[in-house]
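**Student:** Before I ask anything, let me first share the structure, which is written out below as structure tokens.
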Amino acid sequence: MTRVRYTLEMADPNSHLFHVTMKVTGAPGESLDFVMPAWTPGSYKIRDYARNVQDFDAGRHAWRKVDKSRWRVSAGGDVTVEYDVWAFEMAVQGCHLDHEHGFVNGAGMFFYVDGHKDAPVELVIRAPRGWKIATGLDLRGPLFVAPGYDVLVDCPIEIGTFVRRAFRVRGIPHELAIHGRGNHDERRLVEDLRKIVEAEARIFRGLPYRRYTFLLHNAAERVAGLEHRNSTEISLSAD
């Protein structure tokens with residue numbers, strides 16, 4: 001059975017470079033195609049995430065780039081690749097890393113192996129000391145897990161020294177992660193979100209998730225939102 005484990009590192013946040021190690025096990029065939037999406041869940045526009053990939057390496061295996069978003073490794077079975085991702089787009093559909101935080105939109109960070117998107121996924125995040133993690137992904141011990149690639153990339157990840165606030169609706173945990181300074185009232189934000197979720201639960205006669213995460217970025221200018229499987233990422237003016 002094919003399985004995939006990603007390790008996400010950010011040793012020097014000021015470089016704006018994430019480092020990804022992707023270990024694939026049990027993938028049959030004489031070659032494997034590693035593909036960087038040109039899309040992201042919920043955002044209906046062609047993207048060029050491949051442009052941010054740097055220093056792709058497949059160890060002892062030969063590889064070549066066969067088109068703008070596809071890297072072909074001349075091996076099957078167990079294959080490990082490593083690469084860097086330039087992350088300096090503070091947008092709901094982008095990735096961002098600096099000395100204050102990291103934001104990961106999975107489709108712009110993680111390759112998938114063509115033909116194996118349904119392979120179970122494990123994710124290790126090695127964050128700087130003192131940084132926290134907020135995401136809709138399930139946590140199993142030290143690993144974040146997903147049943148396949150589509151769930152992985154439908155769960156954005158905030159990493160940093162954000163403010164975390166929690167509340168429950170109908171017994172289901174919700175959390176709000178706030179990055180950046182602004183003139184917001186945290187208590188009012190939580191109470192307003194609770195009211196919104198309670199109203200939605202009445203309309204839809206329940207909540208179709210085990211937990212939910214709101215990611216809020218206080219941004220300089222951009223105002224946007226992108227809804228996901230059991231989370232949403234929102235960028236608002238800090239003022």
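**Student:** Is the C-alpha gyration tensor of the range 198-239 telling us rounded, prolate or oblate? Criteria: a/c under 1.5 is rounded; beyond that, a/b larger than b/c is prolate, otherwise oblate.
**Tutor:** Because a/c hits 1.5 or more and a/b exceeds b/c, the range 198-239 counts as prolate.
**Student:** Let me understand the chain better: what is its radius of gyration from the alpha carbons, and its Dmax, in angstrom?
**Tutor:** Answer for the chain, Rg first and Dmax second: 18.4, 57 Å.
**Student:** Let me ask another. At what distance in angstrom do the alpha carbon centres of the range 104-154 and the range 172-198 lie from each other?
**Tutor:** The range 104-154 and the range 172-198 have Cα centres spaced 24 Å from each other.
**Student:** Here's something else I'd like to know. Taking springs between alpha-carbon atoms closer than 10 angstrom, which of ASP84, ASP33, ASP185 fluctuates most in the Gaussian network model of the chain?
**Tutor:** Evaluated over the chain, the most mobile residue of the options is ASP185.
**Student:** Let me ask you something else. Per residue of the range 165-176, in order, report the coupling 6.51 cos²θ - 1.76 cosθ + 1.60 (Karplus, θ = phi - 60°) as ³J(HN,Hα) in whole Hz, putting x for Gly and Pro.
**Tutor:** Calculated HN-Hα couplings, in order: 10, 10, 7, 10, 10, 6, x, 9, x, 10, 9, 10 Hz.
**Student:** Leaving out ligands and nucleic acids, and using a 1.4 Å probe, what accessible area per residue does the range 155-220 come to in Å²?
**Tutor:** 59 Å²
**Student:** Pop out the carbon and sulfur fraction of the accessible area of the range 191-239 as a percent, whole number, probe 1.4 Å.
**Tutor:** 51 percent
**Student:** For GLU175, GLU186, give me the order by solvent-accessible area with a 1.4 Å probe, most accessible first, ignoring ligands, DNA and RNA.
**Tutor:** Putting GLU175, GLU186 in descending order of accessible area: GLU186, GLU175.
**Student:** To continue, here is another question. Tell me the per residue accessible area of the range 1-107 using a 1.4 Å probe; a whole number in Å² is fine.
**Tutor:** The answer is 47 Å² per residue.
**Student:** A follow-up question, please. In whole percent, and with a 1.4 Å probe on the protein chains, what portion of the accessible area of the range 1-44 is carbon and sulfur? It would help to have the intermediate numbers written out before the result.
**Tutor:** Details: 1060 of 2000 Å².
Heavy-atom surface of the range 1-44 belonging to carbon and sulfur, 1.4 Å probe: 53 percent.
**Student:** Rounded to whole Hz and in sequence order, give me ³J(HN,Hα) for the range 195-201 from the Karplus expression 6.51 cos²θ - 1.76 cosθ + 1.60, θ = phi - 60°, writing x for Gly and Pro.
**Tutor:** 5, 4, 5, 4, 5, 5, 5
**Student:** Output the antiparallel fraction of DSSP beta bridges having both residues in the chain, as a percent to the nearest 5.
**Tutor:** Around 75 percent antiparallel, to the nearest 5.
The values are calculated or read from the model by the stated rules, or taken from the named source; none is laboratory data. No experiment lies behind these values; they were computed from the predicted model shown. All accessible areas refer to the heavy atoms of the entire protein, side chains included, with ligands and DNA or RNA removed. Shrake-Rupley method; radii C 1.70, N 1.55, O 1.52, S 1.80 Å.
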